[in-house]
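Working notes, structure below.
Every number in this text was worked out from the coordinates using simple rules, so none of it is lab data. Small disclaimer: the values here were computed from a predicted structure and weren't measured. Note: ideal-geometry Cβ built from the backbone for every residue, glycine included; neighbour counts use all protein chains shown.
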């Protein structure tokens, strides 16, 4: 994975944006709560926008891939 990481010693193995302790679930929860991508970026200024977008896309791709594999 280019943008995401999961290691047992970081956030209990939750999927996080690489090099951070920001879980992708937190990002999706903020989006669900109505925050725009720009607002989320303002919350995590040390993560550049391209990385944030890439992490979201990668998480969606992983979820879609897992979903299609489970039904194959």
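The helix-only estimate of mean residue ellipticity at 222 nm for the chain, built from DSSP H runs of length n ≥ 4 each weighted as -39500 (n - 2.57), is -16500 deg cm²/dmol after division by the residue total. Net length available on complete extension from residue 18 to residue 33 is 3.1 nm, with 0.36 nm assigned per residue and the Cα-Cα distance removed.
Each residue in 64, 28 was given a count of other beta-carbon atoms within 10 angstrom of its own, and listing them fewest first yields 64, 28. Which whole-percent values make up P(r) of the chain when all C-alpha to C-alpha distances are grouped in 5 Å steps starting at zero? With a bin width of 5 Å, the distribution comes to 3, 16, 26, 24, 18, 9, 3, 1.
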